[in-house]
Amino acid sequence: MQKDLGFSVRDATDLGRTVDLQHAELWRACLTREGDGPDSIDVGAVPREETCPAHWNAHVPTPRTPDLIGKEFEKSYARLLKKGYNSRFIDVFYGGPGIVDQQDISRVHGEICSQSPKPGEPYDPSVNVTLHVAIGKCPSA
């Protein structure tokens, strides 16, 4: 690679996801093209579990929001990241009204009591995911 080459990483598909560079290991680089700036390139990526598209902005089926209610937080959070959800757009409430800071996510352990968007809703890059996590088990209704 050339020295002083600028780059950006973008969703290679038509879904418009923001590539989560905090979890870059969950994404695979598929395509490259000349960037907007001088001596820059755009890298097209998709979540590792997806197949690389044949061209930029290829249409792919819109993923559905998984049903996470009653499930363990750690596995559910990882499942969201592996589907292409960005950690910056996942708000986690853990046993109280405050949002957990990103650096404290690893300390969250418990069951997901509610989520937004609702299970089965189509992925929408403009919507934050909200998870309410109990310290332990969710209270019964």
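The values are calculated or read from the model by the stated rules, or taken from the named source; none is laboratory data. No experiment lies behind these values; they were computed from the predicted model shown. All Cβ positions, even for glycine, are placed from backbone atoms using ideal geometry, and neighbour counts span all protein chains on display. Quick note on the areas: whole protein, heavy atoms, side chains included, nothing else; ligands and nucleic acids left out. Shrake-Rupley method; radii C 1.70, N 1.55, O 1.52, S 1.80 Å.
Some notes on this structure:
- If you go through segment 20-58 and keep only what is in contact (Cβ under 8 Å) with a residue 60 or more places away in the chain and in contact with an Asp or Glu (Cβ under 7 Å, 6 or more places away or on another chain), you end up with nothing.
- When every residue of segment 24-31 is checked against the conditions, none turns out to be under 22 Å from residue 89 (Cβ atoms) and assigned to a loop (DSSP other than H, G, I, E, B).
- Subset tally (residues that are farther than 15 Å from residue 82 by Cβ and either among the polar types (S, T, N, Q) or in contact with a Gly (Cβ under 7 Å, 6 or more places away or on another chain) (or both)) for segment 30-57: 11
- Selection within segment 82-141: residues that are in a helix (DSSP H, G or I) and more than 25 Å from residue 14 (Cβ to Cβ). The member of this set that is most open to solvent (accessible area, probe 1.4 Å) is 107.
- Segment 8-54: number of residues that are under 22 Å from residue 77 (Cα atoms), surrounded by fewer than 18 Cβ atoms within 10 Å (Cβ to Cβ) and among the basic types (Lys, Arg): 2
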